[in-house]
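Notes to accompany the following structure.
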Amino acid sequence: MESNINYRYSFKSIFAQVERKLVTYIRLFYSLALAGPCFIQTGIGIEITCSTIIIGALASNKSNNGLPPLTDEQASWFGSLLFLFTPLGSALSSLTLDHFGHKTCMIITNVPFIVSQIMFFYANSVGTLYACSMLMGISVGYSGGPSSAYIGEVCEPKLRGALMSATNVFYFVGSLLFTLIYAITLEWRLTVLIAMSIPIVTIAILFMTPQSPMWLLTKGEPLKAQQTLGKLRGWPSHETFSSKEFREMIAYTSTTMVHEDDDTEPDATSSWGQLLRPEVYRPFRLLLVYIFFANLLSGIQYVPYLVAVFTEFGAPVNVEFTLAFSVFLSTIGGIITIFLINKLGKRFLTLSTLLICSICYILIGLIGVYWTNSKPITSWLVLILFLTTTFMSSLGIMPIAWILLTEIFPMKSRNITCSAGGAMGYLISFFMIKYYLELSNFVNFYNTFTLFGISGLFGAVYFYFYLPETENKTLQEISEFFK
């Protein structure tokens, strides 16, 4: 039976439908702006996990394809070279960011990534593995400044912390994808070949990504900046021009450009000169201490050797899928951070997760050394404690370290300090990974956990006295704290 009812829509109904379509368009534009940095984080997760998979595969004689197992010395170099060459990428990024802009620099960062994956696939010597690790280090370092600064500039202030946490989750997503592909295929060459699709997709997305409105202003393109900001915020063009945020952008970029043209007081106005100011060097010192303890208690020193670590624990599990499960826990922790960080604050999350990780590390060390007569029980217990630290570190100290990087520095020096802070953080990781095996051979495998756990307790005391709460604070308020 056909209906003879004629539906008539009022102007209000039509307006609501148009409004919904407009909101959808705005969300799509905003999502597109953040998609590039998210995919870059996915790529970084893959790059940093490469050494874990390859070292483990070669050590277990699975699909070596002509490459012998690596010695401890070779494994330590292969696992750490990425972090040694990251500062070089950061330096190149800081030199080119102002000229090319965030979008172009984020595209460039994928080139050495793609080259390294192709070289991995055809690698037939340890030297090639070293070269791939160096290229990935340059790629990771080059991406840090552009992507962090871009997110800080295009996001609304009230969403900055949550969105930074959200993009950090994609780092764990990249690691999870890579470990899952290997766990299924057990072919590390095939795994890196499949992973090469990520930087290719990233480049395609970045070509459609809008430039930062603030960078467009510095290049004398206020109309483009106005249009881009309006699309990001969902404002009509006339509201964008009269908005407080856009006027503050114009005022800030005008002041910056005046300072750059004024050579009478270089120490006070240049980005490098501002590194000597208290509001810059004090947060920089805090950041380095934070990254040190975040790396130490999140187990960055164990990452390239995780296959051997899980084997040493002795639990009757599939090592490859256990590795993937540990990354899955990190992903879940990163997602939960998005929702907790605004409610609990960075200070509480830092202190609580650092203490829990420290206690778990101490327990792993004590159980492994002194409780040796119940191996089936202790092997499961130390594995569960280690996976607990993996989850808790991704819930607090690890993502918060990179959020602090984007917000504790004044805007004038943010480009240089973001790059320098990221570079120093990766240098700390290099030394931890490079000399971990020597430390483990010297003090015993389980004693390293006790040593790191006790160090973490001292870190918690330091942060209790010196770490401010930055959540729901303006950048100006944060800067005033360090003066």
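Here are the numbers:
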read-out: Carbon/sulfur fraction of accessible area - region 347-483, other protein chains in place, 1.4 Å, %; value: 72
read-out: Ser352-Ser60 pseudo-label distance in nm [points 7 Å out on the Cα-to-Cβ vector]; value: 3.5
read-out: Solvent accessible area, Å² - Ser90, 1.4 Å probe, full protein context; value: 10
read-out: Over 23 Å [Cα-Cα, region 340-483], rounded percent; value: 46
read-out: Computed lengthening from Phe121 to Ser455, 0.36 nm per intervening residue step minus Cα-Cα distance; value: 116.3 nm
read-out: Taking all pairs of distinct alpha-carbon atoms in region 49-144, Kirkwood radius in angstrom; value: 13.9
read-out: Greater than 32 Å apart at Cα, pairs in Lys224/Lys346; Lys224/Lys483; Lys343/Lys483; Lys375/Lys434; Lys346/Lys483; value: Lys224/Lys346; Lys224/Lys483
read-out: Probe 1.4 Å, accessible area per residue of region 306-403, Å²; value: 41
read-out: Phi to ³J(HN,Hα) by Karplus 6.51 cos²θ - 1.76 cosθ + 1.60 over region 393-409, Hz, x for Gly, Pro; value: 5, 6, 7, x, 4, 6, x, 5, 4, 7, 5, 4, 4, 8, 10, 8, 9
read-out: Contour minus Cα-Cα distance for Leu276 and Leu223 (0.36 nm per residue); value: 15.5 nm
read-out: Reciprocal of mean inverse Cα separation for region 358-437 (Kirkwood radius, Å); value: 15.4
read-out: Pairs of alpha carbons in region 96-145 whose separation is greater than 14 Å (percent); value: 51
read-out: Dimensionless Rg over Rh [region 293-409; C-alpha; Kirkwood]; value: 1.01
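The values are calculated or read from the model by the stated rules, or taken from the named source; none is laboratory data. Values in this document were obtained by computation on a predicted structure and should not be read as measured data. Positions of Cβ are backbone-derived with ideal geometry, glycine not excepted, and every protein chain shown enters the neighbour counts. Note: areas computed on protein heavy atoms with side chains; ligands, DNA, RNA excluded. Shrake-Rupley method; radii C 1.70, N 1.55, O 1.52, S 1.80 Å.
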